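Undergrad: One structure coming up, written as C-alpha cells, with questions to follow.
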Amino acid sequence: MKHRTLVSGNHAVAGVIEALLLVALVAVILSTIQLLYIPEIMEQREADHMDEVANQFSFLKSVIDLHAATEKDVPITAPLTLGSRELPYFVTAAAYGELIVYDKEYKDIYKISVLSGSEIVPLTSIYYKAHNRYYPENKPGQEYILEGGALILKQQDGENMLIDPSITISNKSGDITLEWELPIFIGLPGKNATSGYKSCYIRTNYSRSDPWEEDTTDINGILIYTDYPEAWNKSFNILLGSLNESKMICKAEPPNQPDHVQIRKEGGGIIFRYKRTYIYVQVSPGWIDNN
C-alpha cells in the first residue's frame, strides 16, 4: 500500500488574488481616463471642429462676394464638415450638424423694410447648427449664419457678427447714404438641406444682378427683420459710430423680445441704395441643373 502525503499551500490562491488586483487596477485606470480625460479630449475635438467650420464659412462668404463682384456664371464648390465622429474604444458620442438654405420664399418673415412699411428686399441665409455634446461646456451647440452678406455666430450666451456685410455708410453734406450689396440665395427643393457628421459640399453659382436702386423719398429709417437682432444691432452701432453722427440711432426692437433692428435719423435724411445679387445654392450629394 502506498501512502500519499498532502502538503497544504497558498500559492494558487495568491496567484488568483494577484490577477484580480491587476484587473481591478486596469478597471480603475480606464474609469479614470473615461471620467476625467475623455470629456476633455472630446471637448477639444469639437472645439477644433467649430474652428474648422468658422474657416469654411469664411471661405463660403468670400465665394459669395466673388460671385457678386465678377457677375460670372462660374460654379464654385465649398466644403463643410458637418460634425465629428465618436472616439473609438471609449464611451463617447458623435457630434452632428445640419445645414439649411433659407431662400427668398421666407421673405414674409425675414426682410428689410423702410419705416413706411414697404418691403425692400428679402433677407435670405445659409444656416448651420452644430449639435455638440461637449463644447461649449454645459452649453453645447453653436450656429453659423451667412445672412445679408454677413457672417454671424450665435451661442447660448449671445450673438456676434464675425464678418460685417458689404455695407458702406457715408455722410456728405448732412445726408447719410447707406449702400448695401445684398446676396439673395435661391435654393432648390431636395437640394436645400442636409445633416449628419460627414463632410458635405455647397455649390453656388451666379444667376443675375439687379441694377443699383435708390430710395430717397424722405426715408426716416430702415427696419431689418431677422432672428439675430443682437448681432445686427452691434454691427450697425459700430458702423454708425464711425460717422460721429449724433442724430443716427440704431436699436433692437421691441426691447424685451426684439425681432428687428431699427436704423433711423432724427428728422429723416437717409439715402438708401441697394443692389440685389441672386445666387443659386445647392447642398447634399448630387446636382440639379437649374437651366
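The values are calculated or read from the model by the stated rules, or taken from the named source; none is laboratory data. These numbers were taken from a predicted model, which means no experiment stands behind them. Cβ atoms come from the backbone with ideal geometry, glycine included; neighbour counts cover every protein chain shown.
Undergrad: Within segment 228-242, can one find any residue that is surrounded by fewer than 19 Cβ atoms within 10 Å (Cβ to Cβ), modelled with pLDDT of 90 or more, more than 17 Å from residue 169 (Cα to Cα) and not basic (Lys, Arg)?
TA: Scanning segment 228-242 turns up at least one residue that is surrounded by fewer than 19 Cβ atoms within 10 Å (Cβ to Cβ), modelled with pLDDT of 90 or more, more than 17 Å from residue 169 (Cα to Cα) and not basic (Lys, Arg).
Undergrad: Here is a follow-up. Can we say residue 211 is at pLDDT below 95 and in contact with a Ser or Thr (Cβ under 9 Å, 6 or more places away or on another chain)? So that I can check it myself, show each step before the final result.
TA: Working: at pLDDT below 95: yes; in contact with a Ser or Thr (Cβ under 9 Å, 6 or more places away or on another chain): no.
It is false that residue 211 is at pLDDT below 95 and in contact with a Ser or Thr (Cβ under 9 Å, 6 or more places away or on another chain).
Undergrad: Moving on to the next point. Could you list, in sequence order, the residues of segment 218-261 that are touching a Phe, Trp or Tyr at 6+ places or on another chain (Cβ under 7 Å) and hydrophobic (A, V, I, L, M, F, W, C)?
TA: Within segment 218-261, 219, 222, 224, 250, 261 qualify.
Undergrad: Let me ask you something else. If residue 272 meets every condition in (1) outside any helix (DSSP H, G or I); (2) within 19 Å of residue 169 (Cα to Cα); (3) modelled with pLDDT of 90 or more apart from one, which number is that one?
TA: Answer for residue 272: the failing condition is (3).
Undergrad: In addition: Return the total of residues in segment 184-204 being in contact (Cβ under 8 Å) with a residue 24 or more places away in the chain and farther than 23 Å from residue 81 by Cβ.
TA: So the first thing to find is which residues in segment 184-204 are in contact (Cβ under 8 Å) with a residue 24 or more places away in the chain, and the list is 184-188, 190-204.
Going one step further and asking which of them are farther than 23 Å from residue 81 by Cβ, we end up with 184, 186.
Number of matching residues: 2.
Undergrad: Any idea how many residues of segment 74-84 are surrounded by 12 or more Cβ atoms within 10 Å (Cβ to Cβ) and either without any contact (Cβ under 8 Å) to a residue 40 or more places away in the chain or not small (Gly, Ala, Ser) (or both)?
TA: Of the residues in segment 74-84, the ones surrounded by 12 or more Cβ atoms within 10 Å (Cβ to Cβ) are 75-84.
Going one step further and asking which of them are either without any contact (Cβ under 8 Å) to a residue 40 or more places away in the chain or not small (Gly, Ala, Ser) (or both), we end up with 75-77, 79-82.
Count: 7.
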